Each structure stands twice: as C-alpha cells, then as structure tokens.
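Participant: Before we start, here is the structure in question, set down as structure tokens.
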Amino acid sequence: MPDTPPSGPLAALARLFGELAGESPLPERLNRILDAACALAHADTGTVGLYDPESDTITAAVTRHSMPALFASNFARGEGLAGHIIVTAQPYVGRYGDLPQPVVDDLREHQALGVPLIWQKRLLGYMALSLAPPRRFKPSDLEIAQVLAHAAAAAIENTTLHEQAGRAAVLAERQRLARELHDNVTQILASINLLSQTIAATWKRNPAEGEARAARLQQLAQTAFAEMRMLLQQLTPAESATTAPAISRKSFVLLSAENLRTQGLPGALTRLLASTVP
C-alpha cells in the first residue's frame, strides 16, 4: 500500500522548510514564514520585525493585516508587544491591552501572541500574531509560532553571515589591488619621474643618449599603462572593459619617441593629459 502524503500543519511546515532551503532573498523568506504562521493560527494580523541593537528598537519588516487599523512600524523598548519582547526576550500570549504599554488602540481587545527571534542568545527580532475576540490562541499555536520564529532567526542570521562574508571578500580584494598598485605601478611612476628629470639635460649633452632615455621612458610608460589596465579591468564590468586597449594604444602613440623628439617631454605629456582627462 503506497504511503499517504502527510497533511495538516506538519505538511505545511515541511513544505515551508523545503522552500526556505533555497537562496531566496531575506524579505521573501520572512514573507513565507509569516504567511505560514498566519495561516496555521488563522490570525487576523501578523508581523515580523527586526531588532537593531544600536537604537534598541524593533522595526517591522513584513506585515499581514486583514482589518482596517493604523499600525506602527517602529517600536522602542517597552512599546507595544515588540517593545515588551525587547525587555523580556520571552513569548507573550494574552490580551493586547494588558501589555504594559499598548500602542495600537484597535488591538486592545485582541488576543496577542508574540515570540522573540533569538539566535545564540542574541535577539534578532520578533514575530507577532493577533486574533479578534472572542477567539483565543491554542497551545499548539504558540508551539508552531516558536518553530517558525526559529526558522526566521536562522534566515536572518544566514543572511547576515553572507553579507559579512561578501564585505570581507570586497575588502580583501581592495587590499590586494592596493598592494599591487603600490608595489608595481608606484615604482614604475617613480622611475618615470626620475628619468624625466634628467632627459632634457642628457638630450642637450648627447642626443643619442637622450633618445635612448626617451625610448626607456616610453617603455616604462607602456608598462605602467599595462599594469593600470590590468588592475582597472579587475574593477570594471566585463561589458565595458573592451575600451581599455584602445585608450592605451592612443597613450602609447602620444608618448612615442617621435613625439618626445619633436615636442619635448612637456608637450607630449600635455597632449596625453588633454586626450585622457576631460
């Protein structure tokens, strides 16, 4: 006899966790979790909020409202159900108006259920549901909400870790490029600077030696451009990188030995700057 597919809350949770295993954005994951919580508890309203430890506040990230009411989106410590969870870091089930500081008048008589989103003893946010009277939450509703709150906390923590890893990778790449720029290009530019200071006097004294130094200057400039082009290509999107070789070839022409001979180094550099800098 074939197995019968599971149904009811457990099946809904199984489907949800299967969907959360993908790489969807955090808001989409939180939306799915809140949809499941509202559906399983038959809640009239639902919210998932994120906690900011710097401001000590919770801000609503995703919401579900099936009743006309004005709802706040940011809660300080002690304000409403979110602020109560900041203070206690514990679940709450009871009349919303019985909270120490209710902030939504339209929910005073509603049954409220709130659970903290905690990961490794750190508060990440909260999940809140409400029922219009005379309905009340069942113990199983709280259990399911706690399971979903743990899934939401895992999704938030996972997203945070991915963002931190991305920032660390970007920083490491910037540091690598900075080292290459300093070690390679800066040394070449220093050599160009020293050579340019002697080329005019050398040319007057010995034109052949001056021409050799001009050729060496061109060679160093080409090397510097090649190094810069390589570094810039690593920072430039692939579709725009194709323009780099043409720019470099033009620069090589402007710093050619013929231009240096006929216009001198100041004239050649002036033409180069005019062609590359707006």
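Participant: I'm told M127 meets every condition in (1) out of contact with any Asp or Glu (no Cβ under 9 Å at 6 or more places or on another chain); (2) open to solvent by 10 Å² or more (accessible area, probe 1.4 Å) except one. Can you identify the failing condition by its number?
Facilitator: Going through the list (1) out of contact with any Asp or Glu (no Cβ under 9 Å at 6 or more places or on another chain); (2) open to solvent by 10 Å² or more (accessible area, probe 1.4 Å), M127 breaks only (2).
Participant: Considering only the stretch 103-117, state which residues are crowded, with 19+ Cβ neighbours inside 10 Å and farther than 14 Å from T45 by Cα.
Facilitator: V115, P116, L117
Per-residue answers, yes or no, for (1) farther than 21 Å from D105 by Cβ; (2) modelled with pLDDT of 90 or more; (3) outside any helix (DSSP H, G or I):
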| position | (1), (2), (3) |
| --- | --- |
| S7 | yes, no, yes |
| A11 | yes, no, no |
| G18 | yes, no, no |
| N31 | yes, no, no |
| A36 | yes, no, no |
| R64 | no, no, yes |
| L70 | no, no, yes |
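Participant: Turning to a different aspect of this structure: Determine the pairs where a residue that is in contact (Cβ under 8 Å) with a residue 60 or more places away in the chain and outside any helix (DSSP H, G or I), located within the stretch 134-160, has a partner that is open to solvent by less than 60 Å² (accessible area, probe 1.4 Å) and of a type in the set (V, I, T) with Cβ atoms under 7 Å apart, the partner being 6 or more residues away or on another chain.
Facilitator: none
Participant: Next question. Return a yes/no flag: does the stretch 50-71 have any residue that is small (G, A, S), open to solvent by less than 20 Å² (accessible area, probe 1.4 Å) and either without any contact (Cβ under 8 Å) to a residue 24 or more places away in the chain or closer than 17 Å to I156 by Cβ (or both).
Facilitator: At the first step, the residues of the stretch 50-71 found to be small (G, A, S) are 55, 60-61, 66, 69.
If we keep only those that are open to solvent by less than 20 Å² (accessible area, probe 1.4 Å) as well, we get none.
Scanning the stretch 50-71 turns up no residue that is small (G, A, S), open to solvent by less than 20 Å² (accessible area, probe 1.4 Å) and either without any contact (Cβ under 8 Å) to a residue 24 or more places away in the chain or closer than 17 Å to I156 by Cβ (or both).
The values are calculated or read from the model by the stated rules, or taken from the named source; none is laboratory data. Quantities reported herein were computed from a predicted structural model and do not represent experimental measurements. Virtual Cβ from ideal backbone geometry, glycine too; neighbours counted across all protein chains shown. Surface accessibility is based on the protein's heavy atoms, side chains included, excluding ligands, DNA and RNA. Shrake-Rupley method; radii C 1.70, N 1.55, O 1.52, S 1.80 Å.
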